[in-house]
Amino acid sequence: MSRSIVVVAAALTLLVADIGQAQEVTDPALRIGTFDSRVVALAYYRSPEGLERMKPEWDRGLRDAEAAGDSARVEELKLFMPSFQHLLHQQVFSTGSICNVLREIEDDLPGIAAAAGVDLIVSQWEVPYRAPDVEVADVTSDIVALFVVDEETAGFLAQMADVEPVPLEEMLYQPEQ
């Protein structure tokens, strides 16, 4: 009987070891999709969707505030455009967050992730480290394809890959310029 127990124990040990090895072999590597946030920002802001969301709302709000005699709101809106322009500069020329742009397309991101076979999508500028076994797929063009861009913008987008971003700390706010 003790010999049977030893044989069963040995068989179970081998079985557990084989299962562990099988799991190690079949566990897929993490795949992340990265994008150049500068390219996505420029594509969005120069697309009809981006243009429609920017200036008309600001103009309408300013006209309404002026008509209502709301001087505090008028001043607030007059400060908005230079501040917003600074945000755009951080996003397009540097590595500023484009979370406001991503909110506009968040429903499309799972489809892009599935098509690219990635588990996560993140700005390429927000990956300070990754393990050597993490696979990376560039999904910039897939995200840009969500926007309608004209030929001139497409040319700018193609050139941006060859240009290093301006360090964010150098993108100082200068409202008078």
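Computed over neighbours whose Cβ is under 10 Å from that of Arg31, the net charge equals -2, Lys and Arg +1, Asp and Glu -1. Computed extension length for Glu170-Ala115: 16.1 nm, one decimal, from 0.36 nm per residue of separation with the Cα-Cα distance subtracted.
Tell me, in nm to one decimal, what length is gained between Val136 and Lys78 on full extension, where the rule is 0.36 nm per residue of separation less the Cα-Cα distance? Intermediate values should be presented prior to the final figure.
Details: separation 58, 0.36 × 58 = 20.88 nm, distance 4.25 nm.
Difference between extended and current length: 16.6 nm.
So, R0 is 35 Å and r is the distance between the beta-carbons of Ala158 and Ala68; what FRET efficiency does that work out to, to 0.05?
Values: r = 46 Å, r/R0 = 1.31.
The pair Ala158/Ala68 has a calculated efficiency of 0.15.
Throughout, read-outs are computed from the coordinates displayed, never taken from laboratory work. What you see is a predicted model, and the numbers here were worked out from it, not measured in a lab. Neighbour counts run over all protein chains shown; Cβ positions are idealised from the backbone, glycine included.
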